[in-house]
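Scroll down for the structure; my scribbles are underneath it.
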Amino acid sequence: MEPSEILAVLLDVAQEAGLQVRPVGRGGLEPGESQPGSAVVRVRGQVWVMLSSVDPVAIQLEVLGRALREHAADWLETRHLPPAVRGVIESS
């Protein structure tokens, strides 16, 4: 699978698992501010995965895979995932 295909599957899996996935980095910056990077944050008790449009797909895969591994591991055990997708989650 291509990295962009894996990312699309991971996005679907994250949403099914109840993680909130939000894009960041779409302008609105003041002069001198840098673009925010991808990260996993907790907002009012919910896990949000912030994916920055300026980060390479490899970084987005790592952040999303880590979020799933750390916050949805039990849910993932009951799901069949393509080996390439599961590999990203396990290696993140």
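Restricted to segment 34-47, and to residues there that are within 19 Å of GLU16 (Cβ to Cβ) and either crowded, with 16+ Cβ neighbours inside 10 Å or hydroxyl-bearing (Ser, Thr, Tyr) (or both), the residue that is modelled with the highest pLDDT is VAL40. Residues considered: GLU30, GLU90. Of these, the only one that is of a type in the set (Asp, Glu), modelled with pLDDT under 95 and in a loop (DSSP other than H, G, I, E, B) is GLU30.
For segment 75-87, the set of residues classified as free of Cβ contacts under 8 Å to residues at least 24 places away in the same chain and either within 14 Å of the chain's Cα centre (by Cα) or assigned to a helix (DSSP H, G or I) (or both) consists of GLU77, PRO83, ARG86, GLY87, listed by residue number. Only one of the listed residues (GLY25, GLY65) is surrounded by 15 or more Cβ atoms within 10 Å (Cβ to Cβ) and at pLDDT below 90. That residue is GLY25. When segment 32-70 is limited to residues that are farther than 23 Å from SER4 by Cβ and of a type outside the set (A, V, I, L, M, F, W, C), the one that is farthest from the chain's Cα centre (by Cα) turns out to be GLY32.
The values are calculated or read from the model by the stated rules, or taken from the named source; none is laboratory data. The structure displayed is predicted, hence computed values, not measured ones. Don't worry about glycine lacking a Cβ; one is built from the backbone with ideal geometry, like all the others, and counts go over all protein chains shown.
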